[in-house]
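The values are calculated or read from the model by the stated rules, or taken from the named source; none is laboratory data. This is a predicted model, so every value here is computed, not measured. Positions of Cβ are generated from backbone atoms using ideal geometry, with glycine treated the same way; all protein chains shown enter the neighbour counts. Ligands, DNA and RNA are stripped out before the accessible areas are found, and what is left, the full protein with its side chains, is counted by its heavy atoms. Shrake-Rupley method; radii C 1.70, N 1.55, O 1.52, S 1.80 Å.
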Amino acid sequence: QVQLVESGGGLVQAGGSLRLSCAASGRTFNSYIMGWFRQAPGKEREFVTAISTYYTYYADSVKGRFAISRDNAKNTVYLQMNSLKPEDTAVYYCATGATTLRSAPREYKYWGQGTQVTVSS
């Protein structure tokens, strides 16, 4: 079993930055693929980015603005979000347990509770 706890969400103006954190516990973290997803009101949960031991993968909508990283010593994955836009407003979730960087949400086994990100125009 793996527990994930997100933090770092909040309210920011368009063009601003936020850094989300996801702390993992319960099992060996180092070899797991970690992903970030988001869900806006009335919309389906969508992929944002994922990281393996050596590689990262981004949705086109965030490429060049967001950066995922991991600190295995702290069992934590981060999402640095820059140049935020109102359309980035959503609840952001971290997840793990998938087998590939391109895995769909249904392929992830473990999810955090989510953290709200609101970008004002």
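Structure values in brief
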item	result
Added length on full extension, which subtracts the Cα-Cα distance from 0.36 nm per residue, residue 5 to residue 61	17.7 nm
Cut-off 17 Å, label 7 Å out along Cα→Cβ of residue 87, residues of segment 60-81 by amide N	60-66
For the chain, size of Cβ-based charge dipole, Lys and Arg +1, Asp and Glu -1, in debye	160 debye
Local net charge near residue 10, Cβ-Cβ under 13 Å (Lys/Arg +1, Asp/Glu -1)	-1
Difference of contour (0.36 nm per residue) and Cα-Cα distance, residue 43 to residue 25	3.5 nm
Whole-percent carbon and sulfur share, accessible surface of the chain, 1.4 Å	47 percent
Estimated FRET transfer efficiency (residue 73, residue 14; beta-carbon r; R0 30 Å; 0.05)	0.30
